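Heads up, the thing below is written out as structure tokens.
The values are calculated or read from the model by the stated rules, or taken from the named source; none is laboratory data. Just so we're clear, the structure is a prediction, and the values are computed from it rather than from any experiment. Methodologically, a virtual Cβ is constructed for each residue, glycine included, from the backbone with ideal geometry; neighbour enumeration extends over all protein chains shown.
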Amino acid sequence: MEQLISKYLKNELTNAEAQELKRWLEKDALNRKVFENIVSEWHLSAADVSSAKDRVMQQVRQTAVAEPVQHRTTVRRWMSYSVRTAAVLVLAAGLVFIWLTRTGIRQDDAMIVQQEIVYIEKEAAYGQKLTFELPDGSVVKLNAGSKLTYPKTFASKTREVSLTGEAFFDVARDEKKPFRISSNDVMVQVLGTSFNVRSYPEEDNIAVAVKTGKVAVSSRVNQNQVILKPAEMALYSADDQSLNKKIIDDNELSVFGWTDQNLVLEDANFDVILTTLSRWYGVEFDVAQLHGAQKQFTANFKNPSLTKVMESLSFAYEFDYEIDGKKVTIY
């Protein structure tokens, strides 16, 4: 934990480390006391820290002696709390002292420390898409059924976010601060580019496709990595943990089309079609009977209504349907 607190003070925590620190802080009030005192003493010199430790211990001894004997039980409890508090303060000062000694920070060096790590979570429900800007000016388009978590203020050396689902990123270039996306078993890193990440929990594959710039995609399981250029895609398979690169077909709409309201179905079977439509329109399907569900279907719709899509599907798969609010019955 000492290492995590030190990295926090240097503003170098990753998202995973920040979550671990957060859990530690919430576990015990004394843990938070340790943390707060480390932060509050951070600007002190080594001599100031040593002096602070002496003052804390002296104050505890004096107060403990001053307590009347007849309140023995109360004294024991209070002393127990006092000693624990003293330990907190001494540990706080000690951690700062260790870090000062190891790094050679001078007393007049300026330190800017965040008092709290604040995370923002953006979620696009089924039937909804979101476009928003990150703290660094990067623009994100979040597809339906997706969630992005990111810090209110990016760290000094990296820009890290966490994605569930699908999103298109247009990343503001900053060569000194790489942009990293964590999504299940895959880590994506860029400096400044535009690309798409698709990583829905219910799907077996994770796909990363580049529109402009260069993107590094790596497996968090076996450390395999591929470098992508425009019109290239990386596919990660959760089944065998493989990571492969391929060229995007001529039809880029199948990858990037959703960002411009193009609903693209490419060689999709009926189950995949229903899942896609559920996300796109925020509806539920009740399939009473259907023949030829494994038949593949390809189509490209520009900002279509649900009725228009269902008309095309009913002709291809030979079924009748009924739309009742957010429920679609197929029979």
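Taken as a whole, the condition of being of a type in the set (Gly, Ala, Ser), over 28 Å from Pro230 (Cα atoms) and not in a loop (DSSP other than H, G, I, E, B) applies to Ala316.
Among the residues in segment 303-313, are any in contact (Cβ under 8 Å) with a residue 12 or more places away in the chain and closer than 24 Å to Phe195 by Cβ? Yes, the conditions are met somewhere in segment 303-313.
Of all residues in segment 286-304, which are loosely packed, with under 15 Cβ neighbours inside 10 Å and within 21 Å of Asn143 (Cα to Cα)? Quick ask: steps written out before the conclusion?
Narrowing segment 286-304 to residues loosely packed, with under 15 Cβ neighbours inside 10 Å: 286, 288-296, 298, 300, 302-303.
Residues satisfying the conditions are Thr298, Asn300, Lys302, Asn303.
For Asp271, the conditions (1) acidic (Asp, Glu); (2) in contact (Cβ under 8 Å) with a residue 24 or more places away in the chain; (3) part of a helix (DSSP H, G or I) are fulfilled apart from (2). Of the residues making up segment 207-237, those that are in contact with an Asp or Glu (Cβ under 7 Å, 6 or more places away or on another chain) and surrounded by 17 or more Cβ atoms within 10 Å (Cβ to Cβ) number 3. Scanning segment 139-162 for residues that are under 15 Å from the mean Cα position of the chain (by Cα), surrounded by fewer than 19 Cβ atoms within 10 Å (Cβ to Cβ) and more than 26 Å from Thr276 (Cβ to Cβ) gives Lys152, Thr153, Thr158. Taken over segment 163-189, the criterion of being closer than 30 Å to Leu274 by Cβ and either in contact with a helix residue (DSSP H, G or I) (Cβ under 9 Å, 6 or more places away or on another chain) or free of Cβ contacts under 8 Å to residues at least 12 places away in the same chain (or both) is satisfied by Gly165, Glu166, Phe168, Ser182. Are there any pairs with C-beta distances below 7 angstrom linking a residue in segment 195-217 that is on the phi > 0 side of the Ramachandran plot to a residue that is not basic (Lys, Arg), with the two at least 6 apart or on different chains, and if so which? Filtered contacts from segment 195-217: Gly213/Val190; Gly213/Gly192; Gly213/Thr193; Gly213/Ser194. Summed over segment 149-203, the residues that are among the basic types (Lys, Arg) and in contact with a strand residue (DSSP E or B) (Cβ under 8 Å, 6 or more places away or on another chain) give a count of 5. The single residue among Leu290, Leu243, Leu263, Leu274 that is in contact with a helix residue (DSSP H, G or I) (Cβ under 9 Å, 6 or more places away or on another chain) and closer than 25 Å to Pro201 by Cβ turns out to be Leu263. Listed by first and then second residue, the pairs linking a residue in segment 1-13 that is assigned by TED's automatic domain parsing to the domain that holds Leu25 to a residue that is among the basic types (Lys, Arg) and modelled with pLDDT under 70, with Cβ atoms under 9 Å apart and 6 or more places separating them unless they lie on different chains, are Ser6/Arg102.
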